[in-house]
Amino acid sequence: MSATFAFTLNGRPAQVAGSDDDVLVHALRGELGLPATRFGCGAEACGACLVLLDGAPVQSCTLRLDRVAGRAVVTVEGLGTPAAPHPLQTAVLDEQAGQCGYCLSGIQIAAAALLARNPDPSRAEIAAALAGNLCRCGAHNRMIAAVQRAARSLRGEAS
């Protein structure tokens, strides 16, 4: 049965048509034209599909549209803009934290959620926050360094 699901997406009203069984990642990448959220495993095991739902990181590969209605979703495209990137996005570039880039949007979402609740995370806290994100390129140390750099930036400290 088809329905329309209304929610806030990256700070703006959004609507998608679909069934209760349709998942958010497909609506984001398809109807809404936001390709940065990736479909990885489809089983909540890789983190490539992470988005923020009411401020908490969730896997969009299994998140049904009926669970999103009336709520706030933020994708990596909503963290910043090309003219004013989020400090995390700048830090990822500065630290050259990405290689193939497939996992990066999910990692940035997980890191943004961490930094929103803890502006001064330890290395162990960063590693724990990113533990659900698989990266096959081996860039984990640079990703942790990027999160540390972003945290300093958000606190107003020099990098």
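Observations, loosely collected:
- Segment 37-54, subset over 9 Å from the mean Cα position of the chain (by Cα) and among the hydrophobic types (A, V, I, L, M, F, W, C), residue farthest from C103 (Cα to Cα): L53
- The set of residues from segment 143-159 being surrounded by fewer than 20 Cβ atoms within 10 Å (Cβ to Cβ) and within 16 Å of I109 (Cα to Cα) comprises A145, Q148, L154.
- Within segment 129-159, the residues that satisfy the criterion of being without any contact (Cβ under 8 Å) to a residue 24 or more places away in the chain, assigned to a helix (DSSP H, G or I) and under 16 Å from the mean Cα position of the chain (by Cα) are A129, I144.
- Residues that are within 12 Å of the chain's Cα centre (by Cα) and either without any contact (Cβ under 8 Å) to a residue 60 or more places away in the chain or closer than 17 Å to S153 by Cβ (or both) within segment 58-85 comprise V58, Q59, S60, V76, L79, G80, listed in sequence order.
- Of the criteria (1) of a type in the set (S, T, N, Q); (2) loosely packed, with under 15 Cβ neighbours inside 10 Å; (3) within 22 Å of C49 (Cβ to Cβ), which one S105 fails: (2)
- Sub-8 Å Cβ pairs linking a first residue in segment 97-117 that is touching a residue at least 40 places away in the same chain (Cβ under 8 Å) and assigned by TED's automatic domain parsing to the domain that holds G132 to a second residue that is part of a helix (DSSP H, G or I) and charged (D, E, K, R), at least 6 apart or interchain, are A97/R142, ordered by first then second residue.
- From the list T37, T4, the one residue that fits, being modelled with pLDDT of 95 or more and surrounded by 13 or more Cβ atoms within 10 Å (Cβ to Cβ), is T37.
- Residue among T4, T37, T8 that alone is free of Cβ contacts under 8 Å to residues at least 40 places away in the same chain and of a type in the set (S, T, N, Q): T4
- Applying a threshold of 8 Å to beta carbon distances and a minimum spacing of six or more residues, or different chains, the list of pairs starting in segment 12-27 at a residue that is of a type in the set (F, W, Y) and ending at one that is surrounded by fewer than 18 Cβ atoms within 10 Å (Cβ to Cβ) is empty.
The values are calculated or read from the model by the stated rules, or taken from the named source; none is laboratory data. These numbers were taken from a predicted model, which means no experiment stands behind them. Positions of Cβ are generated from backbone atoms using ideal geometry, with glycine treated the same way; all protein chains shown enter the neighbour counts.
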